[in-house]
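The values are calculated or read from the model by the stated rules, or taken from the named source; none is laboratory data. This structure is a prediction, so every number in the text was calculated from the model and none was measured. Cβ placement follows ideal geometry from the backbone for every residue including glycine, while neighbour counts extend to all protein chains displayed.
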């Protein structure tokens, strides 16, 4: 008798487990069901831009999109791996590769309104390599229940928010006589000079804070597609190698020689290229140290889902 009760208990338990599994929502023609934890492997491609002291639009430089130059948009791409818990919260590791650039010459048609920013005549480009760890929050899955206790089907579209931390490398360069010259070693604003003790050399490897929004669409039982906009808060104002004021150019001979000295003298102040009679005084404004730089990207992601299982009939 005890054996019979034990066998019945095991049978009922197994049946209950199978019913519970089969009651989960089938994503495609009732052939697949989801585990609570799934994984996603994907690639992304899109566009990258930046907001720095250089370039901009009419008037005084402002924060965020007012000074965004769409003509300076560059391609970007990457790949990612994420772990998704019931599609409500995801932890994502991602690598992103791109480039940012800006130039004061875009202000030529509005130069009368830019308070000398056009005449400053600076420009730069920088490669970006970023590794980030972000968390996605999907409100529709967080606040509404989509499981075996509820008849509502999960949405095909799922908007989400994301936030995290990133580590990125950059290297601002300027073009001189057809060659791209690294700017950070030239101390264009006196970084590292004893005459400017408050200006330390900036690191080309730093952290950032990615913040963004996106939407995910389920293409079927194995793939999804996303559209995503991510803005990076930076802890540096030297993404473009421009932040503060002009330094005394005679000091460069105390630190550099040869080609490096020539490049520093030609690239720290380029106003002579537009007006050979212009005289720059040490302390004249070169950038705005009150606002850190930033960069942003818009990308399309294609993801392959791991963890959806085919129902055995």
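The single condition among (1) part of a loop (DSSP other than H, G, I, E, B); (2) surrounded by 20 or more Cβ atoms within 10 Å (Cβ to Cβ); (3) at negative phi that residue 256 does not meet is (2).
Residue-by-condition table, conditions (1) buried (at least 20 other Cβ atoms within 10 Å of the Cβ); (2) under 15 Å from residue 229 (Cα atoms):
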site	(1), (2)
75	no, yes
79	no, no
86	no, no
89	no, no
94	yes, yes
98	yes, yes
104	yes, no
119	no, no
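Of all residues in segment 163-197, how many are closer than 30 Å to residue 85 by Cα and surrounded by fewer than 20 Cβ atoms within 10 Å (Cβ to Cβ)? Give the steps one after another, and end with the answer.
From segment 163-197, those closer than 30 Å to residue 85 by Cα are 163-168; that's our starting set.
Checking the rest, the ones that are also surrounded by fewer than 20 Cβ atoms within 10 Å (Cβ to Cβ) come to 163-165, 167.
Number of matching residues: 4.
Here's the yes/no breakdown for (1) at pLDDT 95 or above; (2) in contact with a helix residue (DSSP H, G or I) (Cβ under 8 Å, 6 or more places away or on another chain):
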| site | (1), (2) |
| --- | --- |
| 171 | yes, yes |
| 176 | yes, yes |
| 201 | yes, yes |
| 204 | yes, yes |
| 207 | yes, no |
| 219 | no, no |
| 252 | yes, yes |
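Screening the candidates 66, 111 for the property of being over 20 Å from residue 173 (Cα atoms) and in contact with a helix residue (DSSP H, G or I) (Cβ under 8 Å, 6 or more places away or on another chain) yields one hit, 111.
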